[in-house]
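The values are calculated or read from the model by the stated rules, or taken from the named source; none is laboratory data. This one's a predicted model, so the numbers in the text were calculated from it and none came from an experiment. Heads up, the Cβs are rebuilt from the backbone with ideal geometry, glycines too, and the neighbour counts pull from every protein chain shown.
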Amino acid sequence: MTESGHIVIAGSGRVGHRVAQHFADRGRDVTVIDPEPDEAVEGDDIEVLEGDATKPSVLEAAITDHTDVVGALTDKEDTNLVVCMAAKRHDADIRTVARIEDRAGDEYEAYVDQVYFPERASVRAGVNALAGSDVRTIEEVTGELEVLDVRVDYGAPAAGEVVADALPEGTVVIAESGGHVAVQHSTRLIEGRRYLVAADRDVVGEVLEQFRGEGDG
């Protein structure tokens, strides 16, 4: 999934609402579908479509040429699976994420690209599921600081650059992800490698732009 594509979320409950707001705060185009949308979701930064996302006509009205992921985040497993299957029928290239009740997620591999379970249905879990593998929010600290697990895409502005020069103020590269290798200000960021990055919330978008490849926009 690119870091600029449109996101469709079915369900405006606690999880759906906060996941939608997370992406909208970072400049992503987000559409939320719900038969009875939470008033708190409605705003200039999130498009709200009132309707049943299991109906193809409603789902297709929400999906655009730039949609690359559909997240079915309602509290009803059957609804989520139907939404994901309908999205795939509409466009096989769209990535689908379903919130499910059963730990046996392997049973759904033929129908959805990724599942997650209620005990992990936090905002962070929903964000990471929709964001895919290239960027993961590890932790939100006091609401002002986020720790990200992010990969340097090939052709990204930060690739080959020294940490001190590549990233905005308010950012600290902690270590290489998985390798537990400490990163210094003079360390060069290597294409294809993952890093743990702590960043102020107001610069997270700029940080992700630096790690994003030229073809991802």
For this session: Evaluate segment 96-110: report whether one residue or more is of a type in the set (Gly, Ala, Ser), modelled with pLDDT under 90 and surrounded by 20 or more Cβ atoms within 10 Å (Cβ to Cβ).
Result: yes
Problem set entry | Among the residues listed as Gly51, Gly13, the single one being more than 15 Å from Cys84 (Cα to Cα) and either β-branched (Val, Ile, Thr) or modelled with pLDDT under 85 (or both) | Gly13
For this session: List every residue pair whose Cβ atoms sit under 9 Å apart, with the two residues 6 or more apart in sequence or on different chains, where the first one lies in segment 48-65 and is surrounded by 13 or more Cβ atoms within 10 Å (Cβ to Cβ) and the second, anywhere, is of a type in the set (A, V, I, L, M, F, W, C) and in a loop (DSSP other than H, G, I, E, B).
Result: Leu59/Ala53; Ala62/Ala53; Ile63/Ile94
Exercise. Residues in segment 168-187: is at least one touching an Asp or Glu at 6+ places or on another chain (Cβ under 7 Å), at pLDDT below 85, outside any loop (DSSP other than H, G, I, E, B) and closer than 27 Å to Gln21 by Cα?
Worked result: no
Exercise. Hey, does segment 23-37 have a residue that's modelled with pLDDT under 85 and part of a helix (DSSP H, G or I)?
Worked result: yes
Problem set entry | Failed criterion for Val127 (all others in (1) among the β-branched types (Val, Ile, Thr); (2) modelled with pLDDT under 85; (3) more than 17 Å from Arg18 (Cβ to Cβ) hold) | (3)
Exercise. Is it the case that some residue within segment 200-213 is surrounded by 13 or more Cβ atoms within 10 Å (Cβ to Cβ), within 27 Å of Ala92 (Cα to Cα) and either among the hydroxyl-bearing types (Ser, Thr, Tyr) or at pLDDT below 80 (or both)?
Worked result: yes
